[in-house]
1. Quick check, is Val21 assigned to a loop (DSSP other than H, G, I, E, B) and within 12 Å of the chain's Cα centre (by Cα)?
2. Quick one: Arg4 ticks every box in (1) of a type outside the set (Val, Ile, Thr); (2) outside any strand (DSSP E or B); (3) over 11 Å from the mean Cα position of the chain (by Cα) bar one, so which box is it?
3. In region 17-53, which residues are loosely packed, with under 12 Cβ neighbours inside 10 Å and touching a residue at least 40 places away in the same chain (Cβ under 8 Å)?
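A short reminder: the numbers here are calculations on the coordinates, not readings from a lab. The shown structure was predicted, so the numbers you read here are calculated from the model rather than taken from an experiment. Cβ atoms come from the backbone with ideal geometry, glycine included; neighbour counts cover every protein chain shown.
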Amino acid sequence: MDLRIAIKAWVMEQGLKRPDVADKSLKRKLEGLGCKVSKVKGYQTLFGLAFKEAQ
C-alpha cells in the first residue's frame, strides 16, 4: 500500500480538512518518530514502519 494513500484515507476518516503533507515535512516527522528514510535504487524508501490491517 502506498503511504500517501493510507495517510489521506486516515485523515479523511478522522474528519480532518487537509490530507496533504509536503514530502520534506512528512520525511522529517517520520524520522523524528524513529523511522529511517534513505534512497534505494533512486527512490526514497522508508524503513521502520508497517501497515496494520483494518478490522
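1. Judged against the criteria, Val21 is a match.
2. Going through (1) of a type outside the set (Val, Ile, Thr); (2) outside any strand (DSSP E or B); (3) over 11 Å from the mean Cα position of the chain (by Cα) one by one, Arg4 breaks only (3).
3. The one that is loosely packed, with under 12 Cβ neighbours inside 10 Å and touching a residue at least 40 places away in the same chain (Cβ under 8 Å): Phe51.
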